[in-house]
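**Q** Pasting a structure below so you can have a look.
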Amino acid sequence: MVKYKFPDDFIWGVATSAYQIEGAYNKDGKGENIWDRFTSIPGNIYKNHNGNVACDHYHLYQSDINILKELGIKNYRFSISWARIFPDGYGKVNQKGIEYYRRLINALLDKGIQPAITLYHWDLPQELQDIGGWTNKKVVDYFVEYAELMFKEFGDLVPIWITHNEPWVVSILGHAWGVHAPGIKDYKIALKVAHNILLSHGKVVKLYRSMSLKGKIGITLNLSSIHSATDSEKDLLAAKIYDGFMNRWFLDAILKGSYPEDMKKLYNELNILPQFSDDDMKIINERIDFLGINYYTRSVVKYDENAYPLKVSMLDLDNPKTDMGWEIYPKGLYELLINLHKNYDGIDILITENGAAFNDIVNYKGKVVDDYRIDYLYRHLLEAYRAICDGVNLKGYYLWSFLDNFEWAEGYSKRFGIVFVDYNTQKRIIKDSAYWYSDVIKNNGITE
Ligand SMILES: N=NNCCOCCOc1ccc(-c2cn(C[C@@H]3NC[C@@H](O)[C@H]3O)nn2)cc1
């Protein structure tokens with residue numbers, strides 16, 4: 001008996017990204033991208049892993065799609081590798097790149113699987129990084145050129161488009177903390193990058209509208225429920241600042257057309273506030289059809305005099321965690337969904353990523369009994385169900401991830417997939433969590 005039934009048209013899917021699964025890093029005319037370069041520099045990635053081969057999805061996509069079909073998964077979120085389309089980032093088009101994604105999209109549609117495409121999932125063509133990357137306004141225009149070609153080629157086939165994945169991670173991890181490509185450590189640059197990424201988002205949404213395409217377009221943000229370590233005034237302020245840093249900076253720009261006043265004041269005092277115009281903010285505020293959110297965990301923060309630049313640091317609580325070291329906190333998803341519904345006019349929401357990395361083992365029967373991942377998914381889906389019951393316009397859920405894959409700085413050491421990948425043989429093993437999720441999809445809900 002289905003105890004928690006989701007709305008009839010609820011979208012159940014899985015998600016991946018190009019650099020994390022495709023491999024074929026230099027095949028069929030693809031240009032170098034910043035992750036090809038970043039992973040080639042020793043010390044950047046766990047055991048110097050890279051995406052040169054990854055899951056070899058570029059060659060194995062048909063058998064992978066057959067697994068999606070076997071599991072009854074009808075929605076698949078993936079990204080297009082910009083450098084497969086424009087090897088130099090702009091100008092000369094690589095027809096083989098277009099042909100690959102057309103084969104992939106048609107193979108999905110032939111199996112009754114709806115594609116959802118992320119245009120930018122962190123893999124900037126290296127030629128564009130060489131002219132300043134996202135700090136250069138020209139790259140904004142090159143992104144629009146790339147998006148226009150993708151809309152012309154695939155706009156009639158693809159119902160859901162996501163302009164960017166996690167601009168906070170791109171700007172902060174890639175340009176402030178330096179732990180992601182291109183490995184820059186400068187907050188002022190990071191916030192300029194974030195602004196230009198948001199500008200490129202707004203321009204592409206406006207372009208999409210002008211082409212009278214029939215699908216829906218949005219953006220994906222990684223968001224977290226922010227909790228203060230104590231009720232002290234300093235810790236409560238720290239939580240407000242971290243919420244502004246991670247969530248409100250992007251949400252307010254996209255959905256309200258202005259950066260939050262408290263954060264503008266703070267960034268100005270820190271001399272890291274980017275330059276922007278009223279026209280910029282109008283472009284960024286272009287209406288979107290849905291907000292994509294990636295939720296993994298909450299953030300518990302405290303005031304920390306020595307923590308540059310925000311004087312905020314994260315607590316590492318002694319609570320159950322995933323293999324990423326992230327606390328398992330399903331209630332944070334409910335809190336986030338309710339807050340988004342209340343503070344951003346009940347916008348339609350897609351959970352474009354939720355999932356967990358655990359140290360999966362293939363047992364003597366050749367199975368992966370990942371009950372811990374089923375428990376994580378079950379508890380988060382219950383919170384999603386609760387949010388829907390409380391009025392949130394949650395329209396779908398894409399599980400991260402379909403396949404074990406390259407987890408950025410962690411390399412292949414973290415397994416997020418519901419399908420196990422043996423990287424030595426490229427053999428796929430369907431984990432127990434995949435069969436559990438297949439039942440959730442079949443029942444459109446959770447049985448007890
Ligand atoms: N101050 N210095 N700090 C340095 C310490 O950095 C700590 C590292 O922080 C982070 C923060 C966030 C993430 C992250 C990963 N995913 C999962 C991906 N989502 C998109 C898809 O591709 C998935 O793979 N989502 N978020 C990783 C690391």
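The values are calculated or read from the model by the stated rules, or taken from the named source; none is laboratory data. Everything numeric in this text was worked out from a predicted model, so none of it was measured. Virtual Cβ from ideal backbone geometry, glycine too; neighbours counted across all protein chains shown.
**Q** Does Trp82 count as surrounded by 21 or more Cβ atoms within 10 Å (Cβ to Cβ), within 14 Å of the ligand (Cβ to nearest atom) and at pLDDT 95 or above?
**A** On the way: surrounded by 21 or more Cβ atoms within 10 Å (Cβ to Cβ): yes; within 14 Å of the ligand (Cβ to nearest atom): no; at pLDDT 95 or above: yes.
Considered against the rule, which asks whether it is surrounded by 21 or more Cβ atoms within 10 Å (Cβ to Cβ), within 14 Å of the ligand (Cβ to nearest atom) and at pLDDT 95 or above, Trp82 comes out as no.
**Q** Is there a residue being modelled with pLDDT of 95 or more, within 16 Å of the ligand (Cβ to nearest atom) and surrounded by fewer than 23 Cβ atoms within 10 Å (Cβ to Cβ) anywhere in the stretch 7-14?
**A** Within the stretch 7-14, not a single residue is modelled with pLDDT of 95 or more, within 16 Å of the ligand (Cβ to nearest atom) and surrounded by fewer than 23 Cβ atoms within 10 Å (Cβ to Cβ).
**Q** On to the next question. It is to be established whether one or more residues within the stretch 38-59 are touching a Lys or Arg at 6+ places or on another chain (Cβ under 9 Å), closer than 29 Å to Val440 by Cα and either modelled with pLDDT under 95 or of a type in the set (Ser, Thr, Tyr) (or both).
**A** yes
**Q** Now a separate question. Yes or no: Leu191 within 16 Å of the ligand (Cβ to nearest atom) and either aliphatic (A, V, I, L, M) or buried (at least 19 other Cβ atoms within 10 Å of the Cβ) (or both)?
**A** Yes.
**Q** Take the residues in the stretch 194-235 that are charged (D, E, K, R) and part of a loop (DSSP other than H, G, I, E, B); name whichever of them is nearest to the ligand (Cβ to nearest atom).
**A** The residue in question is Asp231.
**Q** Next question, about the same structure. Are there any pairs with C-beta distances below 9 angstrom linking a residue in the stretch 154-176 that is at positive phi to a residue that is more than 10 Å from the ligand (Cβ to nearest atom) and of a type in the set (A, V, I, L, M), with the two at least 6 apart or on different chains, and if so which?
**A** Listed pairs, sorted by first residue: Glu166/Leu221.
**Q** Quick test of your reading of the structure: His380 fulfils all but one of (1) surrounded by fewer than 23 Cβ atoms within 10 Å (Cβ to Cβ); (2) modelled with pLDDT of 95 or more. Name the failing condition by number.
**A** So the condition that His380 fails would be (1).
**Q** State the number of residues belonging to the stretch 97-150 that are crowded, with 17+ Cβ neighbours inside 10 Å, touching a strand residue (DSSP E or B) at 6+ places or on another chain (Cβ under 8 Å) and part of a helix (DSSP H, G or I).
**A** 8
**Q** Quick check on Lys92: is it without any contact (Cβ under 8 Å) to a residue 24 or more places away in the chain and either basic (Lys, Arg) or over 21 Å from Lys431 (Cβ atoms) (or both)?
**A** Here the answer is yes, as Lys92 does meet what is asked.
**Q** Collect the residues in the stretch 59-96 that are β-branched (Val, Ile, Thr), under 14 Å from Thr16 (Cβ atoms) and assigned to a loop (DSSP other than H, G, I, E, B), keeping them in residue-number order.
**A** Result: Ile73, Ile80.
**Q** Hey, among Lys427, Lys442, Lys414, Lys395, which residue is at pLDDT 95 or above and more than 25 Å from Ser79 (Cα to Cα)?
**A** After ruling out the rest, the residue left standing is Lys442.
**Q** Pairs needed: first member in the stretch 314-333, farther than 12 Å from Asp375 by Cα and in contact (Cβ under 8 Å) with a residue 40 or more places away in the chain; second member anywhere, away from the ligand (no atom under 15 Å from the Cβ) and part of a loop (DSSP other than H, G, I, E, B); C-beta distance under 6 Å; at least 6 residues apart or different chains.
**A** So the pair list comes out as Leu315/Ala229; Asp323/Asn359.
**Q** Name the strands (runs of 3 or more DSSP E) wholly within the stretch 379-448 that hold at least 2 residues that are closer than 22 Å to Met1 by Cβ?
**A** Because the criterion is at least 2 residues that are closer than 22 Å to Met1 by Cβ, the strands (runs of 3 or more DSSP E) in the stretch 379-448 that meet it are 445-447.
**Q** While we're looking at this one, here's another question. What single numbered condition from (1) out of contact with any Pro (no Cβ under 9 Å at 6 or more places or on another chain); (2) closer than 25 Å to Gly396 by Cα fails to hold for Lys214?
**A** Only one criterion in (1) out of contact with any Pro (no Cβ under 9 Å at 6 or more places or on another chain); (2) closer than 25 Å to Gly396 by Cα is unmet by Lys214, namely (1).
**Q** Taking into account only those residues within the stretch 376-415 that are within 18 Å of Gly332 (Cβ to Cβ), of a type in the set (A, V, I, L, M, F, W, C) and touching a Gly at 6+ places or on another chain (Cβ under 9 Å), which is nearest to the ligand (Cβ to nearest atom)?
**A** Going through the qualifying residues, I end up with Trp400.
**Q** Between residues in the stretch 22-51 that are over 19 Å from Ile184 (Cα atoms) and residues that are surrounded by fewer than 17 Cβ atoms within 10 Å (Cβ to Cβ) and polar (S, T, N, Q), which pairs lie under 6 Å by C-beta distance while being six or more apart or on different chains?
**A** Tyr25/Asn52
**Q** Answer with yes or no whether Ile34 is on the phi < 0 side of the Ramachandran plot, among the hydrophobic types (A, V, I, L, M, F, W, C) and more than 16 Å from the ligand (Cβ to nearest atom).
**A** No, not satisfied.
**Q** What single numbered condition from (1) assigned to a loop (DSSP other than H, G, I, E, B); (2) buried (at least 23 other Cβ atoms within 10 Å of the Cβ); (3) more than 16 Å from the ligand (Cβ to nearest atom) fails to hold for Leu157?
**A** Single failed check for Leu157: (2).
**Q** So if I check each of Val368, Val301, Val362, which one is touching a residue at least 40 places away in the same chain (Cβ under 8 Å), more than 14 Å from the ligand (Cβ to nearest atom), surrounded by 16 or more Cβ atoms within 10 Å (Cβ to Cβ) and not in a helix (DSSP H, G or I)? Even if it seems obvious, please write down each step before you answer.
**A** Values: Val301 fails: more than 14 Å from the ligand (Cβ to nearest atom); Val362 fails: surrounded by 16 or more Cβ atoms within 10 Å (Cβ to Cβ).
When all the criteria are applied, what remains is Val368.
**Q** For the stretch 339-359, what are the residues that are within 28 Å of His121 (Cβ to Cβ) and either part of a helix (DSSP H, G or I) or modelled with pLDDT under 95 (or both)?
**A** Once the filter is applied, which keeps residues that are within 28 Å of His121 (Cβ to Cβ) and either part of a helix (DSSP H, G or I) or modelled with pLDDT under 95 (or both), the stretch 339-359 yields Asn339, Leu340, His341, Asn343.
**Q** Looking only at the stretch 32-45, count every residue that is surrounded by 23 or more Cβ atoms within 10 Å (Cβ to Cβ) and in contact with a strand residue (DSSP E or B) (Cβ under 9 Å, 6 or more places away or on another chain) and tell me the total.
**A** Qualifying residue count, the stretch 32-45: 2.
**Q** Show the residue pairs meeting these rules: Cβ distance below 9 Å; 6+ apart or different chains; first residue within the stretch 233-256 and buried (at least 18 other Cβ atoms within 10 Å of the Cβ); second residue among the β-branched types (Val, Ile, Thr) and assigned to a helix (DSSP H, G or I).
**A** Here the result reads Phe245/Ile172; Met246/Ile172; Ala253/Ile284; Ile254/Ile284, each pair linking the stretch 233-256 to a residue that is among the β-branched types (Val, Ile, Thr) and assigned to a helix (DSSP H, G or I).
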